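Engineer: To start, I am sharing the structure in question, which I have written as structure tokens.
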Amino acid sequence: MIERWESEDPNDPRLARSATGLLASFNREGVLTAADVHVATRAAALAGESRDEVRLAVALAVRAVRHGSVCVDLSTLPETEETLPWPDPAGWLKAVADSPLAAQSVVQVADGLLYLDRYHREEGQVRDDLLSRLASPRPVADEPLLEATAARLFPGEGYAEQRAAALAAARQSTTVLTGGPGTGKTTTVAGLLALLTEQSETPLRVALTAPTGKAAARLQEAVEGAQRAPQFTAEDRSRLEGLTASTLHRLLGWRPGSSTRFKHHRTNRLPHDVIVVDETSMVSLTMMARLLEAVRPEARLILVGDPDQLASVEAGAVLSDLVAGLSVRSPEAVAELRTTHRFGGAIGALAAALRDGDDGADAALDVLRSGDPAVELVDPEDEARMAEVERDLITHAAALHEAGLAGDAECSVRMLDESRLLCAHRDGPWGVAHWNRLVERGLAETTGEPLGAGWGHEWYPGRPVLVTANDYGLGLFNGDTGVTYRDAAGDLRVAIAGGGAYAPSRLGDIETLHAMTVHKSQGSQARSVTVLLPPGDSPLLTRELFYTAVTRAQERVRVVGTEEAVAAAVTHRAQRASGLRQRLGHD
């Protein structure tokens, strides 16, 4: 089914009142928005293209990018929504390929897929750069020493997967290291870095990076924690001393006036010898293209992530494409960790049921009904249980408020990761905005103080916040979290996790964080997680979203939703059109 929008408002900005022909029909049906229509209309006019079916194809390519795909397969669309006035599939793609829009490189047709030119070029660049890197294996200076050190850092059968992955990565230029939460990805990275630094005659320049500030901070903490294991010697630790992690944007070097171009590129490469990218599932096609062109050919690149998680909010599903494509062409480049060490029992069983496929719906429900205190399913129609959920959220908010009033910034930040409410939607009764207001209203009633934007007091002690845009001047990045507290002078300050403290007036792109979307939770964890599943017919309800939400939890998961919603989530896969896996897997 094609996702549609609905509105009864004649002034809805998504309506393109000047649209004609097929563009008008598909806009009225809620398939295209006004933005899709206007881009296609203007591009066709500039190129001298007047055919209705070609303009529709371009609008659908624009829509595809907006929904996270980098291309569109026109031949399959009429099968999904037979009631729409589709052009005749026979010859539709050829008409686009023969149009002035293709001749002028506005769009590209390749392998039966229609692309906007930019994404076709970026996909081709990612393929070419990766294949070039894979053709250049990295020699190891001392093989016997490498094997001996790997045996010491990853002792016994319990570390067999990590040991094999680290050895493979040490011998090649590019490695995709995959695995679910708790499978030892960071342990493998820390051991690999120790192996590589021991092999090098000079200190290695190592970059640890991730798409968001929160994910970067967690990567650094995890690598430092792994080095405290007894198998790491003092010499191992000294070689890795001083490693710091940064966001991809900061690593590549922000350039004013551009969100897709950076200081480091093909003619000004990054200086590092080893680059580790964590949470690669969150990396878009555009960002992967920028990274690959900036990495020196002789540097090692380790891409780490979980391909079962949600893909980037921007276009592309790069990690899953790399795993699928490279597993065909260069299987040695993909190292998968399967054994879970973090989760015990119920959370691990639930995550496995979600990951394992369409047959997992019954298994997931069995785990949720098991009575295990680590997982529970709350029926949203059960008023008593829902009141309990609300009380728990308000209790956590009140504890944050008390810590903020006491001026305990460190405690406040630490408490952020005690509890997390995750939503699929931003708006509506199951959305972030509604639940943030609900918690702030309950907090105001509990404390007797006017708290929250609805009462004219946006900033208050204990307000948890999420940074939603990069601020290079302050060194804050999308995904950073923090808590407001009252300092010794009585002024409100915002303590950012892993960073400094700022006056609220200096913070621009900020959201309240009593609730957050599952997408924005990637790269973070909390001791206890509550997941609000939308109704089963929500287009956002997918296996990837549910899996990502569940695996944010360390000790406890509470799922609020019907059994029908759980089953729908497990069986509905997020579909993103891409040609990268085919282009990687074949000559």
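Engineer: Which of (1) within 16 Å of Arg300 (Cβ to Cβ); (2) modelled with pLDDT under 90 is the odd one out, the single condition Thr186 does not satisfy?
Structural biologist: The failed condition is (1).
Residues are listed down the side, and each one gets a yes or a no for (1) polar (S, T, N, Q); (2) modelled with pLDDT under 90:
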| site | (1), (2) |
| --- | --- |
| Thr339 | yes, yes |
| Ala353 | no, yes |
| Asp366 | no, yes |
| Leu377 | no, no |
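Engineer: Collect the residues in region 257-272 that are modelled with pLDDT under 90 and not basic (Lys, Arg), keeping them in residue-number order. Give the derivation first.
Structural biologist: Residues of region 257-272 that are modelled with pLDDT under 90, as a first pass: 257-262.
Scanning region 257-272 gives Gly257, Ser258, Ser259, Thr260, Phe262.
Engineer: Out of the residues in region 404-431 that are hydrophobic (A, V, I, L, M, F, W, C) and open to solvent by 10 Å² or more (accessible area, probe 1.4 Å), state the one that is farthest from Gly498 (Cα to Cα).
Structural biologist: Among them, the one singled out is Trp430.
Engineer: Between residues in region 136-154 that are of a type in the set (Ser, Thr, Tyr) and residues that are open to solvent by less than 60 Å² (accessible area, probe 1.4 Å), which pairs lie under 7 Å by C-beta distance while being six or more apart or on different chains?
Structural biologist: Filtered contacts from region 136-154: Ser136/Ser173; Thr149/Leu195; Thr149/Glu198.
Engineer: When you go through Ala45, Ala34 one by one, which is the residue that is hydrophobic (A, V, I, L, M, F, W, C) and open to solvent by 50 Å² or more (accessible area, probe 1.4 Å)?
Structural biologist: That would be Ala45, the only listed residue that is hydrophobic (A, V, I, L, M, F, W, C) and open to solvent by 50 Å² or more (accessible area, probe 1.4 Å).
Engineer: Turning to a different aspect of this structure: It is to be established whether one or more residues within region 196-208 are free of Cβ contacts under 8 Å to residues at least 24 places away in the same chain, at negative phi and hydroxyl-bearing (Ser, Thr, Tyr).
Structural biologist: Within region 196-208 (the criterion being free of Cβ contacts under 8 Å to residues at least 24 places away in the same chain, at negative phi and hydroxyl-bearing (Ser, Thr, Tyr)), the answer is yes, since at least one residue qualifies.
Engineer: Related question: Quickly run through region 111-128 and pick out the residues that are of a type in the set (A, V, I, L, M) and touching a strand residue (DSSP E or B) at 6+ places or on another chain (Cβ under 8 Å).
Structural biologist: Leu113, Leu114, Leu116
Engineer: Within region 120-127, does at least one residue satisfy the condition of being at positive phi and either surrounded by 20 or more Cβ atoms within 10 Å (Cβ to Cβ) or not in a helix (DSSP H, G or I) (or both)?
Structural biologist: No.
Engineer: Can you find, within region 76-110, the residue that is surrounded by the fewest Cβ atoms within 10 Å (Cβ to Cβ) among those that are at pLDDT 90 or above and under 30 Å from the mean Cα position of the chain (by Cα)?
Structural biologist: Once the filter is applied, the top-ranked residue is Ala110.
Engineer: Name the single residue, out of those in region 129-167 being within 23 Å of Ser200 (Cα to Cα), open to solvent by 30 Å² or more (accessible area, probe 1.4 Å) and in contact with a strand residue (DSSP E or B) (Cβ under 8 Å, 6 or more places away or on another chain), that is modelled with the highest pLDDT.
Structural biologist: Looking at residues that are within 23 Å of Ser200 (Cα to Cα), open to solvent by 30 Å² or more (accessible area, probe 1.4 Å) and in contact with a strand residue (DSSP E or B) (Cβ under 8 Å, 6 or more places away or on another chain), I get Ala164.
Engineer: Name the single residue, out of those in region 257-269 being within 24 Å of the chain's Cα centre (by Cα) and surrounded by 15 or more Cβ atoms within 10 Å (Cβ to Cβ), that is farthest from Val295 (Cα to Cα).
Structural biologist: Only one residue tops the list, namely Phe262.
Engineer: Which of the residues belonging to region 357-368 are free of Cβ contacts under 8 Å to residues at least 40 places away in the same chain, open to solvent by 20 Å² or more (accessible area, probe 1.4 Å) and not in a helix (DSSP H, G or I)?
Structural biologist: Across region 357-368, the qualifying residue is only Asp359.
Engineer: Looking at (1) under 23 Å from Tyr119 (Cα atoms); (2) crowded, with 20+ Cβ neighbours inside 10 Å; (3) at pLDDT below 90, find the lone condition where Trp254 falls short.
Structural biologist: Single failed check for Trp254: (2).
Engineer: Assuming Leu393 fulfils every condition listed in (1) open to solvent by 20 Å² or more (accessible area, probe 1.4 Å); (2) over 20 Å from Ser538 (Cβ atoms); (3) at pLDDT 90 or above apart from one, which condition is it?
Structural biologist: So Leu393 meets the others, but not (1).
Engineer: Follow-up. Return the residues of region 61-92 that are touching a Leu at 6+ places or on another chain (Cβ under 7 Å) and of a type in the set (Lys, Arg); say none if nothing qualifies.
Structural biologist: Arg63
Engineer: How many residues does region 150-166 contain that are touching a Leu at 6+ places or on another chain (Cβ under 7 Å) and within 26 Å of Pro297 (Cα to Cα)?
Structural biologist: Residues flagged as touching a Leu at 6+ places or on another chain (Cβ under 7 Å) and within 26 Å of Pro297 (Cα to Cα) within region 150-166 amount to 4.
Engineer: Identify all residues within region 273-299 that are surrounded by fewer than 24 Cβ atoms within 10 Å (Cβ to Cβ) and either at pLDDT below 90 or of a type in the set (Lys, Arg) (or both); write none if there are none.
Structural biologist: Within region 273-299, Arg290, Arg296 qualify.
Engineer: Please name all residue pairs, on different chains or six or more residues apart, with Cβ atoms under 8 Å, provided the first residue is in region 1-27 and is farther than 14 Å from His38 by Cβ and open to solvent by less than 50 Å² (accessible area, probe 1.4 Å) and the second residue is in a loop (DSSP other than H, G, I, E, B) and not hydrophobic (A, V, I, L, M, F, W, C).
Structural biologist: Partner pairs satisfying both residue conditions: Ile2/Glu81; Trp5/Arg14; Trp5/Gly30; Trp5/Thr33; Leu22/Pro85; Leu22/Pro87; Ser25/Pro85.
Engineer: Let me ask you something else. Please indicate, with yes or no, whether at least one residue in region 468-489 is under 20 Å from Leu248 (Cα atoms), surrounded by fewer than 23 Cβ atoms within 10 Å (Cβ to Cβ), within 21 Å of the chain's Cα centre (by Cα) and of a type in the set (A, V, I, L, M, F, W, C).
Structural biologist: yes
Engineer: Wholly within region 369-476, which helices (runs of 4 or more DSSP H) include no fewer than the required count, namely at least 1 residues that are touching a residue at least 12 places away in the same chain (Cβ under 8 Å) and of a type in the set (Phe, Trp, Tyr)?
Structural biologist: In region 369-476, 432-447 are the helices (runs of 4 or more DSSP H) which contain 1 or more residues that are touching a residue at least 12 places away in the same chain (Cβ under 8 Å) and of a type in the set (Phe, Trp, Tyr).
Engineer: Regarding region 235-247, can at least one residue be identified that is more than 22 Å from Thr149 (Cβ to Cβ), under 17 Å from the mean Cα position of the chain (by Cα) and part of a helix (DSSP H, G or I)?
Structural biologist: No, the conditions are met nowhere in region 235-247.
Listed here are the residues, each with its yes/no results for (1) touching a Pro at 6+ places or on another chain (Cβ under 9 Å); (2) closer than 30 Å to Phe477 by Cα; (3) among the aromatic types (Phe, Trp, Tyr).
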{"site": "Ala501", "(1), (2), (3)": "no, yes, no"}
{"site": "Val518", "(1), (2), (3)": "no, yes, no"}
{"site": "Arg527", "(1), (2), (3)": "no, yes, no"}
{"site": "Leu533", "(1), (2), (3)": "yes, yes, no"}
{"site": "Arg558", "(1), (2), (3)": "no, yes, no"}
{"site": "Gln582", "(1), (2), (3)": "no, no, no"}
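Engineer: Would region 338-351 turn up any residue that is in contact (Cβ under 8 Å) with a residue 24 or more places away in the chain, at positive phi and either open to solvent by 10 Å² or more (accessible area, probe 1.4 Å) or in contact with an Asp or Glu (Cβ under 9 Å, 6 or more places away or on another chain) (or both)?
Structural biologist: Yes: one or more hits.
The values are calculated or read from the model by the stated rules, or taken from the named source; none is laboratory data. Bear in mind the structure is a predicted one, so any value in this text is a computation, not a measurement. No Cβ is skipped: glycine too gets one built from the backbone with ideal geometry, and neighbour counts run over all protein chains shown. Calculation scope for accessible area: heavy atoms of the full protein, side chains included, ligands and nucleic acids excluded. Shrake-Rupley method; radii C 1.70, N 1.55, O 1.52, S 1.80 Å.
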